[in-house]
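Scroll down for the structure; my scribbles are underneath it.
The values are calculated or read from the model by the stated rules, or taken from the named source; none is laboratory data. The structure displayed is predicted, hence computed values, not measured ones. When we count neighbours, we look across all protein chains shown, and the Cβ atoms used for this are built from the backbone with ideal geometry, even at glycine.
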Amino acid sequence: MAVVAVSLTSCKKDDDGGGGGDAASGTVSAKVSGASYNSDPLVTSAVRSDANGVSTLMITSNTMNGKNITLSINGGFDGVGTYSIGGGPNVFGNASYTEVDVNNPTNSEIWVAPYDTSVAGEIKVSEISSTNIKGTFNFKGKNADGTFKDITEGSFNVDFQ
């Protein structure tokens, strides 16, 4: 019985989706190491897919100056709730922050989470409909060179494609 309880509590979410955040309609907003990030609605979207009884979610947001935040829950997405980013083999949330040099796209940098077995952040879905998803997020990402970026005060208000 204890093993079942541990396996259930080590899964991806609880039912508290928190507040909806303050992102404008169609956007993702956050602080990236203290600097403001606001995506452009024309290049921001959410996709939910269901296959064989497993649901996944991906939110992709971009700015016109080559910055991107991507949030995903790869399996086990079931609506409003809190989903951990990282935390072990039974947690399927991940996130990334990318800076693309628009003058030299091969000179891009990406910070990913999780980067080890610890919890690196969370995605909180507070509202979901057939056309839109709202919530908040935060994570700490690590670059291949070992540097970190803290993505804080994140929120999303994105329409499904």
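Out of everything in the stretch 77-91 that is in contact with a Ser or Thr (Cβ under 8 Å, 6 or more places away or on another chain) and over 17 Å from Pro114 (Cα atoms), what residue ends up being surrounded by the most Cβ atoms within 10 Å (Cβ to Cβ)?
Once the filter is applied, the top-ranked residue is Phe77.
Enumerate the pairs (first residue in the stretch 74-88 and among the acidic types (Asp, Glu); second residue anywhere and surrounded by 22 or more Cβ atoms within 10 Å (Cβ to Cβ)) with beta-carbon separation below 8 Å, excluding pairs fewer than 6 apart on the same chain, so at least 6 apart or on different chains.
Once the first residue is among the acidic types (Asp, Glu) and sits in the stretch 74-88, its partners that are surrounded by 22 or more Cβ atoms within 10 Å (Cβ to Cβ) give Asp78/Lys13.
Do you know which of the residues in the stretch 92-103 that are outside any loop (DSSP other than H, G, I, E, B) and in contact (Cβ under 8 Å) with a residue 40 or more places away in the chain is surrounded by the fewest Cβ atoms within 10 Å (Cβ to Cβ)?
Looking at the filtered set, the residue picked out is Ser96.
In this structure, does Asn68 turn out to be of a type in the set (S, T, N, Q), out of contact with any Asp or Glu (no Cβ under 6 Å at 6 or more places or on another chain) and in a loop (DSSP other than H, G, I, E, B)?
Here the answer is no, as Asn68 does not meet what is asked.
Yes/no per residue for (1) modelled with pLDDT of 95 or more; (2) assigned to a strand (DSSP E or B); (3) β-branched (Val, Ile, Thr); (4) under 17 Å from the mean Cα position of the chain (by Cα):
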site	(1), (2), (3), (4)
Pro105	no, no, no, no
Ala120	yes, yes, no, yes
Ser126	yes, yes, no, yes
Ile133	yes, yes, yes, yes
Phe139	yes, yes, no, yes
Lys149	yes, yes, no, yes
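Inside the stretch 19-42, can you point out the residues that are under 18 Å from Gly141 (Cα atoms) and crowded, with 16+ Cβ neighbours inside 10 Å?
Hits for the stretch 19-42 are Val28, Ser29, Ala30, Val32, Tyr37.
For the stretch 28-61, enumerate the residues that are closer than 19 Å to Asn74 by Cα and assigned to a loop (DSSP other than H, G, I, E, B).
Asn52, Gly53
Give the number of residues within the stretch 37-82 that are at pLDDT below 95 and among the aromatic types (Phe, Trp, Tyr).
1
Given the conditions (1) in contact with a Pro (Cβ under 6 Å, 6 or more places away or on another chain); (2) in contact (Cβ under 8 Å) with a residue 40 or more places away in the chain, which single one is not true for Ala120?
Of the numbered conditions (1) in contact with a Pro (Cβ under 6 Å, 6 or more places away or on another chain); (2) in contact (Cβ under 8 Å) with a residue 40 or more places away in the chain, the odd one out for Ala120 is (2).
Select from the stretch 43-73 the residues that are of a type in the set (Gly, Ala, Ser), surrounded by 13 or more Cβ atoms within 10 Å (Cβ to Cβ) and free of Cβ contacts under 8 Å to residues at least 24 places away in the same chain and write down the one among them that is farthest from Phe139 (Cα to Cα).
Among those residues, the one meeting the criterion is Ser55.
Look at the stretch 104-119 and say how many of its residues are of a type in the set (Gly, Ala, Ser) and crowded, with 17+ Cβ neighbours inside 10 Å. Let's see the steps before the verdict.
Looking only at the stretch 104-119, we keep the residues that are of a type in the set (Gly, Ala, Ser), and these are 108, 113, 118.
Next, from what is left, pick out any that are crowded, with 17+ Cβ neighbours inside 10 Å: 113.
Qualifying residue count, the stretch 104-119: 1.
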